[in-house]
Amino acid sequence: MKKLTSLFLLVLVATQLFGWGQTGHRVIGQIAENHMSRQAKKRISAILDGQSLSMVGNFMDEIKSEPKYDSLGPWHYCTIHDGQKYPGAPHEGDVIQAIQKYIEMLKKGGLSRADEAFTLKCLVHLIGDIHQPLHVGKEGDRGGNDVKVTYFGDNTNLHSVWDSGIIEGQKLSYTEYVAWIDKAEESHVNSWKNDGLMVWVDESIALRPQVYNLPENKKIGYRYNYDNISNVNQRLLQGGIRLAAVLEEIYG
């Protein structure tokens, strides 16, 4: 029993540290491919040895088990306090700085094939992460990880609910999820593609009041899902379309 309890806690901690969860990142990757040119997709496929964007979207979470990548941990998120502007990246870096860095590296070129594939996989993941509102965290609760909630009777935290709880609750495969939400009007698609990185950040911040709108007893379920599913879906959709725009600029 002790071993089982330890294993459960290990899985729970790992889940708390991931962004969007496997389904969410795969949804974003597939949406990106839906909105890219054949030329860009062909070049990217060659770099990734035939892997799709949907299947490499979880790469930066998968390599967390490797100690040599520990320094990349802070690059999954940023912290901007309520009512304040972005103060710039801390010395260990953050998701904003990492996205800027990886885009610059890929545009500049000159990377080995292995380094380009690594950089591309990281960029795909982090553009997804920054669209998860709790990856643009406020001071004091580690992006909602310290906000303990009861979700449909299970003890968890707010970050996990947004990473995967609401998404997995739809009981859809990632391809079914994409078919459901990838129906934005062309005017919205064009607008989202032209938005800059700090617009993405400001959108996540703007969602905080809704994200943290919890009952006093912190017990949430159907009502919380109903109030937030449209925001979850829009962030997934925006993340995919903006990823497509960034990669099209580099590889199109």
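The values are calculated or read from the model by the stated rules, or taken from the named source; none is laboratory data. Remember, predicted model here, so these are calculated numbers, not experimental data. Every residue, glycine as well, gets a Cβ built from its backbone with ideal geometry; the counts of neighbours run over all protein chains shown. To get the accessible areas, we keep the full protein, side chains included, count just its heavy atoms, and leave off ligands, DNA and RNA. Shrake-Rupley method; radii C 1.70, N 1.55, O 1.52, S 1.80 Å.
Residue under question is residue 226, and the condition is that it be surrounded by 19 or more Cβ atoms within 10 Å (Cβ to Cβ) and assigned to a helix (DSSP H, G or I); does it hold? The answer is no for residue 226.
Checking each residue in the stretch 43-57 for being open to solvent by 50 Å² or more (accessible area, probe 1.4 Å) and either closer than 11 Å to residue 28 by Cβ or assigned to a loop (DSSP other than H, G, I, E, B) (or both) picks out 49, 50, 51. Within the stretch 75-90, being of a type outside the set (A, V, I, L, M, F, W, C) and touching a residue at least 60 places away in the same chain (Cβ under 8 Å) holds for 77, 79, 82, 86. The conditions of being out of contact with any helix residue (DSSP H, G or I) (no Cβ under 8 Å at 6 or more places or on another chain), among the charged types (D, E, K, R), outside any helix (DSSP H, G or I) and open to solvent by 40 Å² or more (accessible area, probe 1.4 Å) are met by residue 85. Considering the stretch 229-244, and only residues there that are of a type outside the set (D, E, K, R), buried (at least 22 other Cβ atoms within 10 Å of the Cβ) and out of contact with any Gly (no Cβ under 9 Å at 6 or more places or on another chain), the residue that is nearest to residue 130 (Cα to Cα) turns out to be 238. For the stretch 203-223, which residues satisfy the criterion of being farther than 17 Å from residue 241 by Cβ and open to solvent by less than 90 Å² (accessible area, probe 1.4 Å)? Residues satisfying the conditions are 205, 206, 207, 208, 210, 211, 212, 214, 215, 218, 220, 221.
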